[in-house]
Amino acid sequence: MQAIVDLRSDTVTRPSPGMREAMANAVVGDDVLGDDPTVQELESRSANLLGKEAALFVPSGTMSNTVAITVHTRPGDEVLMDADAHSMLYEAGAPAAIAGVLVRQFHSSCGVPNVDEVARSIHHESLHTPRTALVVLENTHNVAGGAVIPLEVHERLYGICSSEGVRVHLDGARLFNAEAASGVSASRYAACADTVTFCLSKGLGCPVGSVLCGDRLTIDRARRVRKMLGGGMRQSGVLAAAGLYALDHNRRRLADDHRRARRLAETLSELPNAEVDLASVQTNMVYFSTSAPADRWVTALAQRGVLCLALGVHRIRLVTHLDVDDEDVERAVRALKDVSASVV
Ligand SMILES: Cc1ncc(COP(=O)(O)O)c(C=O)c1O
């Protein structure tokens, strides 16, 4: 039986033998009591990597964003974010339910916000208006197809927000993909935000975890909010060890995922009944539209051993990652051609 090529998400990776060995050998302690040296090492390495004072290991990207939004705001404040941001669409309403904030959306073009529009949306507190306390940015931008937000956009927006007393949180779930695609270091993006989170459990191939980085006072407050949400973990060094391994071994290979996504996108661009915007394929994601219903493509591809997700009636997403090699991509290319010729 042929192995499955799983292109549903970069979250489907399984820890490699080297990662499992690092996890098995981790020195651990009770991290809520401040006793886990491996978690502490991951937090200090992450903070250094992003040029921040401190960092906090959290179980997921959703918790990291929720903790950040909570520490930067008070209930009744307003948070500005893209209408297609992950925190807007896919975090179960956590900004409203947990932080108690009002979310106001701005619109982006291919994931890139219009800085002037965001600046115009900032409210100062008055008898009538909520205070705009925070802007959330996402890089790479998932729903925009893994698009990279240019550094200049971050710089301009951060300049405006800082002078207006508005904080900036960067959802960098895939920040290292942005780094690999643009050649701009993750720390330069991070310098344009008060807090930044990155995920270990996506392109970096870990089973669990994200890291939130920022100044010491903000991260101290974040640690308390994490505890409140039930995210204080005990011997979590076994998970942090996977994170340290990933930073050493899996960060520099992300460009391979991007090259493979490009190969899939170029194949799709030549098929008569699929449409892909090649300019939007900048990292490890390929979103494309189909003239036939997307679920028929998904079923037909699954029958050929290739898994992907329908994210709309005619929209499909393919994501490359650590567990997809060149041979897998060529299998997916053959399956896409085959399905395109047979599904109407
Ligand atoms: C941009 C972005 N932010 C945050 C998250 C949330 O991460 P998690 O699934 O670990 O909660 C995701 C998940 O896919 C994401 O794509």
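The values are calculated or read from the model by the stated rules, or taken from the named source; none is laboratory data. Since we're looking at a predicted model, the values are computed, not measured. Note that we place each Cβ from the backbone using ideal geometry, even for glycine, and neighbour counts take in every protein chain shown.
Remarks
- Some residue of region 238-246 being within 19 Å of the chain's Cα centre (by Cα), over 19 Å from Ala55 (Cβ atoms) and crowded, with 24+ Cβ neighbours inside 10 Å: no
- Lone unmet requirement of (1) away from the ligand (no atom under 16 Å from the Cβ); (2) over 23 Å from Ala261 (Cβ atoms) for Val168: (1)
- For region 187-227, a residue qualifies if it is within 15 Å of the ligand (Cβ to nearest atom), hydrophobic (A, V, I, L, M, F, W, C) and surrounded by fewer than 24 Cβ atoms within 10 Å (Cβ to Cβ), and exactly one does: Val208.
- Residue within region 130-145 that is within 16 Å of the ligand (Cβ to nearest atom), outside any loop (DSSP other than H, G, I, E, B) and more than 21 Å from Val71 (Cα to Cα) present: yes
- Count of region 152-178 residues which are of a type in the set (D, E, K, R) and either touching a His at 6+ places or on another chain (Cβ under 7 Å) or without any contact (Cβ under 8 Å) to a residue 12 or more places away in the chain (or both): 3
- Of residues in region 1-19 being farther than 24 Å from Val286 by Cα and either modelled with pLDDT under 95 or more than 23 Å from the chain's Cα centre (by Cα) (or both), the one farthest from the ligand (Cβ to nearest atom): Met1
- In region 11-66, residue farthest from Gly230 (Cα to Cα) [restricted to those that are among the hydroxyl-bearing types (Ser, Thr, Tyr) and part of a loop (DSSP other than H, G, I, E, B)]: Ser16
- As a summary of the residue check, Val79 satisfies the conditions (1) within 16 Å of the ligand (Cβ to nearest atom); (2) in a helix (DSSP H, G or I) except for the one numbered (2).
- Residue under evaluation Ile149, criteria (1) in a loop (DSSP other than H, G, I, E, B); (2) touching a residue at least 60 places away in the same chain (Cβ under 8 Å), criterion not met: (2)
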